[in-house]
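Notes follow the structure.
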Amino acid sequence: MTGADAEPAPIRVAGLRSAFGEHLVHDGLDLEVRKGEILGLVGGSGTGKSVLLNTILGLKRPDGGKVEIFGRDVHDPDASAGIERRAGVMFQGGALFSALTVGQNVEAPIHEHTALPNDVVRELARLKIRLVGLDARVADQMPASLSGGMRKRAGIARAIALDPEVLFLDEPTAGLDPMSAADFDQLIRSLCDSLGLTVLIVTHDLDTLHAITDRIAVLAEKRVIATAPIAELQHSEHAWIKAYFNGPRGRAAEASYSDERRTH
Amino acid sequence: MSAAAFNIRKCATGRILELSGDWSSLTLGNEALELERELAGAEGKTELDLSAVGRLDTAGAYLVLKAARRTLSSLPPGEAGKLFALVQAAAEESAAPASPTSLILQFFGNIGRGLARTGEAALNSANFAGRLYVELVRAELSPEKLRKIALVHVMESAGVDALPIIIVMNFFIGAVVALVGTNLLASLGVAVFTVQLVGVAVFREFAVLITGILLAGRSASSFAAQIGSMKMNQEIDAMQVIGVDPYRALVIPRVLALLIMMPILTFAGMAAGIIGGFLVSWAALGIGPLFFFSRLQETVSINHFWVGMSKVPVLAMLIAMAGCQHGLAVEGDVESLGAEVTAAVVQSIFLIIVVDALFAIIYMELNI
């Protein structure tokens with residue numbers, strides 16, 4: 001809300017190099033996520049999407065190049081202090097702490113970083129659980145008793161516990177049935193709109209890509225070969241991008257999405 | 001970031017609530033509670049003025065709504081309004097807190113639950129043992145179906161790899177027995193009986209117990225953890241679907257491996273214990289090797305050796321069974337993996353001691 005133009009891009013990756021021994025995963029990779037957008041990250045298996053995500057999150061050290069969140073170097077311990085308060089992450093399986101109830105899972109980051117009284121923290125956690133479309137009673141259940149979809153929702157509730165400015169989602173709709181996946185897309189879109197989030201989604205779900213992303217970054221040949229809205233990528237001449245978006249599944253997703261737009 | 005603050009201004013219809021600073025979870029402390037107290041008994045309408053607010057997030061919106069909901073005239077326009085609407089839709093009218101049960105009830109409840117669980121555990125163990133015997137007989141009837149590679153692998157990891165630690169531990173136990181015995185027996189003037197003491201203690205009890213306890217800590221835990229994480233990973237389910245019996249593929253090789261390896265390990269332990277005792281006797285009493293071993297042969301009957309060895313297969317079964325049974329009992333979460341691995345070790349050590357005591361009583365009555 002204050003001087004958005006003057007701020008640097010929330011997430012900026014420049015000249016990233018990652019290697020495992022002799023095997024080079026990224027070489028000279030550049031990526032920029034703009035404020036308030038939902039950026040999808042796609043790439044074939046083994047192109048290092050997870051490695052890239054882990055590097056951006058500061059979990060893995062790059063072998064070259066730089067990752068900045070809010071203009072601060074993620075891998076410099078002095079500069080990166082406090083970033084975790086402004087960024088939320090949902091891991092693929094939810095990664096809920098299995099020893100805690102769902103409610104306590106969502107409370108954990110709030111307790112860690114705020115000075116709010118305990119009962120307010122509890123209420124806020126329940127609010128977040130309701131926000132992601134779960135029943136408030138789920139708060140008292142253990143993660144092990146939840147279904148995969150509920151676990152993902154609880155994972156998002158924990159990720160947005162502190163109202164982060166950037167949100168990382170790793171395969172948010174993988175393993176969900178189509179209705180739940182569509183609900184999930186809506187949920188992310190509405191959270192993003194009302195909370196003003198910047199979102200980076202790693203996904204293979206073409207429906208998600210069509211429905212909610214503003215731009216898509218394509219990972220191939222050890223770098224980001226294109227970053228553009230999906231409509232542009234569909235007309236790309238690059239062989240892999242063409243195959244990805246104009247394959248049978250890509251066309252089906254596009255058709256259903258444009259139908260949807262016509263009926264609404 | 002600036003601290004949150006509020007100011008209430010009276011007007012014709014009621015009051016205007018002016019918020020300033022950052023109303024976000026990171027900056028809020030007790031301001032929200034003060035605001036709630038301030039508005040607790042308020043009459044008339046409340047207008048919101050958010051023009052001086054920096055950052056507003058769901059936590060801020062929720063707390064403002066909670067304090068002012070009763071009297072709020074309308075939601076503010078624009079971005080902030082959307083946020084308020086979102087929070088209002090999700091906020092529950094009343095979070096029904098679970099009524100806490102009384103402490104006395106909880107106390108007796110825990111005792112009852114513990115008893116029921118113990119009974120259940122005993123039943124499960126019996127169940128598992130029964131199934132295991134059936135499978136063992138079946139494996140004997142069709143030895144070609146035995147997983148020989150798995151068997152040899154477990155024999156190596158649970159048996160051969162344990163050899164160094166078992167030898168070292170037994171060596172020290174033998175040495176300690178000799179040291180304590182020498183001092184005690186020398187004061188009675190019969191220091192030479194140290195040889196007999198070391199022989200009987202090591203053959204009959206110590207080598208078996210020490211080997212058993214080490215294997216319980218080393219193998220029961222690893223069996224439980226291995227099988228348990230396979231269970232968590234749905235590998236056991238996958239086996240069953242493919243038509244591989246998890247008992248035959250996982251349990252039988254482990255049980256057989258310990259049954260084969262533990263006697264060998266115990267034998268090595270006995271030898272190490274005797275050598276430990278001998279070295280101490282030599283150093284402390286000057287009993288040379290020739291005298292030590294001839295005296296050992298004369299005074300310690302071979303029965304002591306067989307008594308010790310006779311317990312080994314039983315202990316091997318108990319250790320392997322406790323490990324495998326608790327591994328298979330693991331459920332989907334990490335908590336239960338930890339609990340079952342602990343249970344496997346505790347149960348097997350407990351059973352080792354109890355069974356050893358039973359053996360001691362039986363052999364005493366039989367005068368062996």
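We did not get these values from a lab; they are worked out from the coordinates using the rules stated. Computed from a prediction, not measured in an experiment: that's the story for all the values here. Counting neighbours? That spans all protein chains shown, and the Cβs are built from the backbone with ideal geometry, glycine included.
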Rounded, prolate or oblate (a/c below 1.5 giving rounded, otherwise prolate when a/b exceeds b/c) for the range B:190-265 by Cα gyration tensor: prolate
Relative contact order for the range A:50-204, counting Cα pairs under 8 Å that sit 6 or more residues apart, in percent: 25 percent
Among A:213-226, A:235-248, the order from most to least packed when residues are scored by Cβ within 10 Å on average: A:213-226, A:235-248
GNM flexibility winner over chain B from B:F107, B:F172, B:F267 (Cα, springs under 10 Å): B:F107
Of B:A90, B:A344, B:A224, the one that fluctuates the most in a GNM where chain B has Cα springs shorter than 10 Å: B:A90
Mean Cα-pair separation over length for the range B:135-365, i.e. relative contact order, pairs under 8 Å, 6 or more apart, %: 34 percent
Global geometry of the range A:77-177, whether rounded, prolate or oblate, following the gyration tensor of its Cα atoms and the 1.5 cut on a/c: oblate
Volume of the Cα convex hull of the protein assembly as shown, divided per residue and given in Å³: 262 Å³
Selected from B:F350, B:M169, B:M232, residue furthest toward positive end of dipole (the range B:135-365; charges at beta carbon): B:M169
Calculated [θ] (222 nm, deg cm²/dmol) that DSSP helices of n ≥ 4 give over the protein assembly as shown, each run adding -39,500 (n - 2.57): -18000 deg cm²/dmol
Dipole moment magnitude, nearest 20 debye, chain B about Cα centre, only Lys, Arg, Asp, Glu C-beta charged: 560 debye
For chain A, Kirkwood radius (reciprocal of mean inverse C-alpha pair distance, Å): 19.2 Å
At least 15 Å along the helix axis (C-alpha) and Kyte average at least 0.0, DSSP helices within chain A: A:178-195
Alpha carbon centroid spacing (whole Å) that separates the range B:263-342 from the range A:196-223: 61 Å
Whole-number percent relative contact order across the range B:5-90, with pairs defined as alpha carbons under 8 Å at least 6 apart: 30 percent
Dipole magnitude of chain A, debye to nearest 20 (Cβ charges: Lys/Arg +1, Asp/Glu -1, about Cα centre): 300 debye
For A:K60, distant residues with modelled amide H under 5 Å away: A:T55
C-alpha center-to-center spacing [the range B:182-205, the range A:31-59] in angstrom: 72 Å
Hydrodynamic radius (Kirkwood) for the range B:135-365, which is based on Cα pairs only, to one decimal in Å: 19.0 Å
Mean-position separation - Cα centroids, the range B:35-67 and the range B:125-162, in angstrom: 69 Å
Among the listed pairs A:K242/B:K82; A:K35/B:K45; A:K128/B:K82; B:K145/B:K231; A:K128/B:K231; B:K148/B:K231, those beyond 27 Å (Cα-Cα): A:K242/B:K82; A:K35/B:K45; A:K128/B:K231
Sequence ranges B:274-285, B:178-189, ranked by mean other-Cβ count within 10 angstrom, highest first: B:274-285, B:178-189
Residues B:E79, A:E32 arranged by fewest to most Cβ contacts within 10 Å: B:E79, A:E32
